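Following: one structure in structure tokens, then a few remarks.
Since every read-out is calculated from the coordinates, none of them should be taken as a lab result. Remember, it's a predicted structure, so these values are computed and weren't measured experimentally. In this analysis, Cβ positions are derived from the backbone assuming ideal geometry, glycine residues included, and neighbour counts consider all displayed protein chains.
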Amino acid sequence: MAHNFEIAQASDQLREQSVAAAELALDVAPPVVDAPARVDRTGVELKRGAFLNTIAMLAANFRGIFTFLAARLLGPVALGLYSVAWSTTDIISKIGVLGLDNAITTFIARSEAVGDRARSRALFRVAVILGVAQSVVTAGLVIIGLRFFNNRLHVQPQMVSALALVLCAMPGLALYRISTAVSRGMKVMQHDIYSRGVTEPVATTLAFLLALAVGFKEFSPEVAALVGAAASGLIALALASTLFRHVPAQVDVVSPFREARLLVGYAVPISIYQLINTFISRLDLLILAYFVGRAPGVTLATVGIYSAVIGTANGLRKVNQTFNPIFAPVVAGMTATGDHEVAAATYARLAQWMLWILLPLVAVLSLAGGTILLIYGPAFQQGGAWLGIVALASATNAFVSLGETVIMVQRPHLNLLHSSITCAVAFAGLLWLIPRFGPLGAAVGILLPYIVQGILRYATLRWVFRWKDSWSDIRPPIVAAGIALGPALICRSFVSGIVGQVISAAVFLAIFGVQWWRHHIHRKDKHP
């Protein structure tokens with residue numbers, strides 16, 4: 001009888017330790033049964049991680065100095081060539097990484113949830129070796145293919161040379177993505193501040209200026225991207241390695257080959273839908289470049305201007321990077337310990353936070369887009385007509401990516417299905433719209449698939465995972481945006497030019513800010 005009691009007590013203690021390891025607040029007591037209280041505790045670490053991710057994201061935006069210099073010193077044509085080459089490399093890099101960046105975060109989060117640090121170290125080494133090796137092989141094969149099949153592809157020689165240079169950045173990209181994903185799996189968010197936030201912008205900008213000085217001319221952005229990717233990858237690797245400095249290797253306990261097989265098996269469907277998602281996000285620019293001289297208003301200069309529009313609007317996608325890196329290991333730990341109710345409530349809370357951030361940013365880019373693009377030069381101002389639509393597409397993509405994370409850690413094959421449907425919609429829409437409407441068609445054509453993707457992910461969470469509808473959580477920011485939009489549009493219609501754009505954006509932010517403050521005060525009164 002006493003022996004059975006001791007076994008039960010030990011079992012309960014082990015269960016409590018596992019749940020506590022997956023719990024979101026690192027310095028709080030073991031969780032209580034009340035789900036809302038646990039969600040509030042979740043908010044502590046989410047906010048902590050989001051704060052660090054925000055610093056990394058803002059620091060990484062200093063890379064915009066490099067884009068600004070490229071646009072100012074080389075013009076829209078050179079910027080267009082670089083943007084198309086980088087977009088193509090970003091797509092191909094997904095083949096090299098093979099989904100290991102997202103998969104390793106989930107695996108390490110699960111390993112840490114049960115206190116198996118030796119396995120975490122083995123997973124780290126396996127993922128880095130696999131990712132870098134695959135990226136080297138993939139980049140080499142693509143460069144060889146470009147040289148041998150260039151005539152059949154009918155691609156401009158300048159584009160081929162630019163792409164061959166940027167493809168050499170793939171190993172550095174793989175090293176950065178996997179190493180940073182390992183740090184995030186360990187819930188260490190500050191490493192990204194040093195690798196992507198500080199190292200990459202500084203290295204890329206300095207390399208661009210040096211390449212321009214020694215005579216690379218229009219290929220200076222490509223050289224700079226190569227140097228920046230390598231530098232950030234090495235720093236990310238060094239920082240992630242410090243997390244396992246005092247962990248003894250246990251080769252007899254953890255089999256690298258077994259872990260590699262499990263990791264790759266889990267990562268393959270993720271890599272496929274990641275490849276499709278990246279392809280979708282770059283598809284508007286690539287198809288627009290394909291129709292240079294064959295669609296109304298589409299030239300190499302137009303492609304460069306549109307690439308600046310995408311670069312500006314992509315800042316909204318980075319809002320997801322504020323929350324998703326901490327949300328991924330959190331939801332992986334919750335689902336591993338069966339806390340689905342708390343995971344659903346955490347998702348709803350996070351969705352509201354994202355809308356409070358995304359909606360005012362979309363409004364500002366839509367109301368004052370032409371003025372914002374003047375930073376690149378007067379020629380880029382015409383992109384203001386497309387910026388609002390592309391910004392809405394980027395915000396939609398950032399928002400629905402939360403659902404992708406939830407589905408990824410439980411049923412990644414469903415994300416693959418969603419991405420395949422979205423890709424078909426994007427490809428068909430862009431091929432129909434761009435030849436008829438040029439850059440405006442590209443902007444509309446990239447918004448439609450993200451709306452479809454959002455609907456698919458909402459349906460999966462609602463009816464497959466049986467998560468409750470979170471409309472009550474997302475309603476406040478949507479209502480606040482609706483209230484603020486009316487006066488802003490009135491100002492925009494009565495005051496023209498740059499002054500009208502700035503005033504309308506300021507009016508929206510002021511009214512929206514008041515609504516947010518009222519909601520914040522009401523919530524504090526409700527939950528003292």
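In terms of packing, defined here as the mean over residues of other Cβ atoms within 10 angstrom, the peptides 260-272, 346-358 line up highest first as 346-358, 260-272.
Here I129 and H246 are evaluated by their C-beta separation; at R0 = 30 Å the FRET efficiency comes out at 0.90. Stretching the chain fully between R466 and L417 yields a gain of 15.8 nm (0.36 nm per residue, less the alpha carbon separation). Across region 413-470, Cα pairs under 8 Å and at least six residues apart give a relative contact order of 32 percent. When each of the peptides 108-116, 134-142 is scored by how many other beta carbons lie within 10 Å of its residues on average, the order from highest to lowest is 108-116, 134-142. Based on C-alpha pairs under 8 angstrom that are at least 6 apart in sequence, region 175-265 has a relative contact order of 38 percent.
The distance linking region 388-435 with region 64-131 is 19 Å (Cα centroid to Cα centroid, whole angstrom).
Across region 74-140, the volume of the C-alpha convex hull divided among the residues equals 98 Å³ per residue. The simple spin-label model puts a point 7 Å past each Cα toward its Cβ; for R261 and Y458 those points are separated by 4.3 nm. Can you work out the FRET efficiency for the pair V268 and S496, with r the C-beta to C-beta distance and R0 = 60 Å, to the nearest 0.05? It comes out at approximately 0.65.
Cβ-Cβ distance of I483 and F148, R₀ of 51 Å, FRET efficiency by 1/(1 + (r/R0)^6): the value works out to about 0.30. Using Cα pairs closer than 8 Å and at least 6 residues apart in sequence, work out the relative contact order for region 390-528, in percent. Relative contact order here is 20 percent. Peptides 210-222, 378-390 ranked from most to least packed give 378-390, 210-222, packing being the mean of other C-beta atoms within 10 angstrom over each peptide's residues.
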